[in-house]
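Here's the structure, in structure tokens; my notes come after.
The values are calculated or read from the model by the stated rules, or taken from the named source; none is laboratory data. No experiment lies behind these values; they were computed from the predicted model shown. So basically every Cβ, Gly included, is an ideal-geometry build from the backbone, and we count neighbours across all protein chains shown.
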């Protein structure tokens, strides 16, 4: 607790709060992350609307039916949208500058969130010249696999 | 008032689930819709109950809860407590804007730190929090006051645990299912004197889902509609020290629900009550305030045996919150049990008597700061 | 359909950094103002709805317990409703349905946030799941920027044009905020300032994004019978709508944003609005990001898809334009999140009752208010009118 | 990982700076000077402690300050024995609802100055109706812990 302002003026009380959670990955996402360890990107398919979900869904949120079919999807895809993160926010995992991207992997029907890297990101103008809508990207695997989303290190530009 | 009924419901069993929050939610809301033969897109609106009381480690829980609750592009919203969610769903039907509302409540206790850690976040940061007030310490002080002012004994409080955990043996949806004796309860570890470990509710996980429908629709969705006759909520002061812990707001909340349901003599007219008793003695105190016995007579009530599963006025045939405590969802669990009792589908924990009218109660906050209840009828 | 419902009083705090008061004191300020505006006392209130964004913002959970005394809840029926950024609209809808259901005649709705007490962006990173989205979190701007980029690309909007329009929106809102006694950010700026401000997530710059604010808003809803008795000039609720999309943002097309489109459509149907640009007199669009505001214009039918920037540059949405948007200065200048959506409604109500002071749009009779929340996921709309 | 199925540890750490507002700032400044302040409502005449800026019953502003008694009667209490994550102190510790003389509500604080290791003895020493008195911390930080605890008299 610290005084921010002189006496008689309303003060603030400072604290840091930590709360730990241990959350179930679930069988569905467990299978996805196991796939990443083997350098495979797995999705699930809705038998009603035929859309393929990556990350896999155990159910289709629209048709509200179980997704039972698993498919391996492409490791390349096109850039649906992207941005250039230039400012560090508390709670952020990656340090700016970095390039979050939505990739539509070949054979899937929706954007998959990851990042583009593999070249100098420090100059925005240079990044903009290289990263294009609809541009092709390819997954680059991390040598060390931990069964997390960073088993795909990043997506590189396919030139 | 527009008539409405619980048409279908589903609940998860108390065992810890290895599925993630999203998939866990989907299974239960899907079950309800399948029972009703209703497509997700045919639902009028969705009300989610999930909590920001740091339950789940995710802020704005409706973001991740939305898909599993079947709410994609359906009119929807989220309430902070499942009783609130249900009452709000009733209002939406009463307004005439919707004919069906799917209410789904979500909490995965196994993923969270202890209840005391989480309920400690109710407290203001300056005064009650640095003194360690949480639901358990607040309840402990309430219990001592209750024992002193109303001559309630520790044995009487322990009997509630024996009864409720005994009932839970017959309830496949309960979390804690074991036979205990009064001595077991009295000899269990002291948590916050006079509260002992077996007198405090566990930390459970539970997804529960109810399909509420207006009269015409309900009759199409089920053979056994359970009608909503009334509801009420009320709120007490925030500071524990500003309140009379034995005469809180439950009487007022109940008065509202009884008036709406046309109940004059709750003791006679309520056939079964499902009461939210995270701490054993609270069942006795809440029974008094609900008019199920006279003021100060909670001890006599448990001694008399009428609240036993096969007694004249069964209370918590499900085993109550002492046997199953998915914090945010526990209100819906009380409602579902009440609906099961009314429709005669409670199986091993079905009470002996014919149940026409049932009461479902929920509470949250320190020592019952906020109370809600709903009256259901066959 | 249910009973008619009106707004009979609104109250706001002065928004900004309000470390001069505690959180309960702040919300009480808004409640007092609303009671005074409606000429009511706490006793007249029959039910209370409250909501904030997430508990982690201020580190206090279930704030309806904490605020019990400050928002007149004691001894009254209460409900707590929350839907992230769209909370302000969701609690308003709760007040509306409560009164429409006939369960109460006068309901007080209170939204609040004290963002300076926590860390806004750190809190928002806790909305994202730890498996897929949180690892790539770039604060709220990251998500909204990707949406804006997708929109520009899909509709072939040249970046320079979008940037010019975004800068004009920034200027319009900041100018408007100068007329609003409750607004947080009150600065005089130029188009050039906006265009050259520090890049946060390209192309979004500092003056394209909202601030974090402390503030609260209270709105009192009443049944037709009570409203006519108590209030000389109530604002009538003409339509409400709320929709949400999937959690994973890649699964829906955010450049045409289905939830925003459908929420507005639902509300328009009830209000009988067919041509919003012509029929609405003013709109309070939830606009934490300038680029996103243009997507909203398109979703709400204020202009054809992809033509948002053209309409902005024509001046359609300025104070003197065909459909003035955010005469209050909007979320861009004031953003206590849990209150922001309700402030939009309070402002819309002030407009149609002719009580908006220096920011009044002459003769406004029909107004739209809106809020957005989640990871680009939720949208809520409420239409208010001067006539029943 | 403590579970038999796959989990992810998601630990949330967030910083806060909570504004006390004028009433609580003055209340805690009072503690620094070994005074316990309450505020009195002009309408219902009740004195509330800790001091606050508005009446929880009447909704009126409170600006009449009162230096209240540091002695009072115990209304209820608990002895905390179980630990949990983030607990304010290591058990055992006792909490009490204390009716300070001359006030119209109960004040919460620790009960101390006695041996808390044996529950039976504690139950003999403290009861409802026990008179207690504030014991001050030597080191003061203008927070609620400036009062160390309330000690049973006699």
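Against the conditions (1) closer than 26 Å to residue C:144 by Cβ; (2) in contact with a strand residue (DSSP E or B) (Cβ under 8 Å, 6 or more places away or on another chain), residue A:126 satisfies every one except (2). For residue A:34, are the conditions met, namely being out of contact with any strand residue (DSSP E or B) (no Cβ under 8 Å at 6 or more places or on another chain) and either part of a loop (DSSP other than H, G, I, E, B) or more than 30 Å from residue C:141 (Cα to Cα) (or both)? Taking the combined requirement at face value, the residue satisfies it. For residue D:128, the conditions (1) in contact with a helix residue (DSSP H, G or I) (Cβ under 7 Å, 6 or more places away or on another chain); (2) within 8 Å of chain B (Cβ to nearest Cβ); (3) modelled with pLDDT of 95 or more; (4) closer than 26 Å to residue B:244 by Cα all hold with the exception of (3).
Is it the case that residue B:224 is in a loop (DSSP other than H, G, I, E, B), touching a residue at least 24 places away in the same chain (Cβ under 8 Å) and over 19 Å from residue B:100 (Cα atoms)? No; evaluated as a whole, the condition is false for this residue.
For segment C:227-241, indicate whether the set of residues that are under 30 Å from residue C:116 (Cβ atoms) and more than 14 Å from chain A (Cβ to nearest Cβ) is non-empty. So far as segment C:227-241 goes, no, none of its residues is under 30 Å from residue C:116 (Cβ atoms) and more than 14 Å from chain A (Cβ to nearest Cβ).
Conditions (1) within 14 Å of chain A (Cβ to nearest Cβ); (2) under 17 Å from residue C:372 (Cα atoms), marked per residue:
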site: C:33; (1), (2): no, no
site: C:43; (1), (2): no, no
site: C:46; (1), (2): no, no
site: C:92; (1), (2): no, yes
site: C:95; (1), (2): no, no
site: C:104; (1), (2): no, no
site: C:111; (1), (2): no, yes
site: C:119; (1), (2): yes, no
site: C:122; (1), (2): yes, no
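Quick check on residue C:39: is it on the phi > 0 side of the Ramachandran plot, surrounded by fewer than 24 Cβ atoms within 10 Å (Cβ to Cβ) and touching a strand residue (DSSP E or B) at 6+ places or on another chain (Cβ under 7 Å)? Here the answer is no, as residue C:39 does not meet what is asked. The residues of segment D:123-149 that are closer than 21 Å to residue B:149 by Cβ and assigned to a strand (DSSP E or B), listed by number, are D:131, D:132.
On the given criteria, is residue C:205 modelled with pLDDT under 95 and either away from chain A (no Cβ under 14 Å) or buried (at least 21 other Cβ atoms within 10 Å of the Cβ) (or both)? When the stated conditions are applied, residue C:205 passes them. Taken over segment B:188-221, the criterion of being surrounded by fewer than 24 Cβ atoms within 10 Å (Cβ to Cβ), in a helix (DSSP H, G or I) and more than 13 Å from every other protein chain (Cβ to nearest Cβ) is satisfied by B:215, B:216, B:217, B:219, B:220, B:221. A single member of B:149, B:177 is farther than 28 Å from residue D:90 by Cβ, more than 14 Å from chain D (Cβ to nearest Cβ) and not in a strand (DSSP E or B), and it is B:177. Taking residue C:53, is it within 22 Å of the chain's Cα centre (by Cα) and within 14 Å of chain A (Cβ to nearest Cβ)? So residue C:53 does not fit the description; no.
May I ask you to say which residue of C:181, C:276 is more than 14 Å from chain A (Cβ to nearest Cβ) and more than 21 Å from residue C:386 (Cβ to Cβ)?
On the way: C:276 fails: more than 21 Å from residue C:386 (Cβ to Cβ).
The conditions single out C:181.
Please determine whether any residue of segment B:70-90 is more than 8 Å from every other protein chain (Cβ to nearest Cβ), part of a helix (DSSP H, G or I) and free of Cβ contacts under 8 Å to residues at least 60 places away in the same chain. No - not one qualifying residue is present in segment B:70-90. Taking segment C:34-50 as the range and being more than 19 Å from the chain's Cα centre (by Cα) and touching a residue at least 24 places away in the same chain (Cβ under 8 Å) as the test, the residues that pass are C:35, C:36, C:37, C:38, C:39, C:40, C:42, C:44, C:45, C:46, C:47, C:48. If you go through segment C:130-180 and keep only what is assigned to a loop (DSSP other than H, G, I, E, B), in contact (Cβ under 8 Å) with a residue 12 or more places away in the chain and touching a strand residue (DSSP E or B) at 6+ places or on another chain (Cβ under 9 Å), you end up with C:132, C:133, C:137, C:138. In segment D:62-73, the count of residues that are buried (at least 20 other Cβ atoms within 10 Å of the Cβ), at pLDDT 95 or above and over 26 Å from residue D:126 (Cβ atoms) is one or more. Residues that are in a loop (DSSP other than H, G, I, E, B) and modelled with pLDDT of 95 or more within segment A:132-145 comprise A:135, A:142, A:143, A:144, A:145, listed in sequence order. Taking strands (runs of 3 or more DSSP E) as the structural unit, those lying wholly within segment D:1-100 and holding at least 1 residues that are within 14 Å of chain C (Cβ to nearest Cβ) correspond to D:7-19, D:36-40.
Could we say that residue B:53 is at pLDDT 95 or above, at the interface with another protein chain (Cβ under 10 Å from one of its Cβ atoms) and within 22 Å of residue B:115 (Cβ to Cβ) here? Against the criterion (at pLDDT 95 or above, at the interface with another protein chain (Cβ under 10 Å from one of its Cβ atoms) and within 22 Å of residue B:115 (Cβ to Cβ)), residue B:53 does not qualify. Looking only at segment B:104-126, filter to residues that are facing chain C (nearest Cβ under 7 Å) and in a helix (DSSP H, G or I); which one of those is nearest to the chain's Cα centre (by Cα)? So, considering only residues that are facing chain C (nearest Cβ under 7 Å) and in a helix (DSSP H, G or I), the one nearest to the chain's Cα centre (by Cα) is B:122.
Within the bounds of segment B:37-46, is there any residue that is more than 10 Å from chain A (Cβ to nearest Cβ), within 19 Å of the chain's Cα centre (by Cα) and crowded, with 22+ Cβ neighbours inside 10 Å? So far as segment B:37-46 goes, no, none of its residues is more than 10 Å from chain A (Cβ to nearest Cβ), within 19 Å of the chain's Cα centre (by Cα) and crowded, with 22+ Cβ neighbours inside 10 Å.
Can residue B:101 be described as over 30 Å from residue A:14 (Cβ atoms), in a loop (DSSP other than H, G, I, E, B), within 12 Å of chain C (Cβ to nearest Cβ) and touching a helix residue (DSSP H, G or I) at 6+ places or on another chain (Cβ under 8 Å)? In short, no. Test residue D:86 against the stated conditions and say whether it is over 19 Å from residue D:66 (Cβ atoms) and without any contact (Cβ under 8 Å) to a residue 40 or more places away in the chain. It is true that residue D:86 is over 19 Å from residue D:66 (Cβ atoms) and without any contact (Cβ under 8 Å) to a residue 40 or more places away in the chain.
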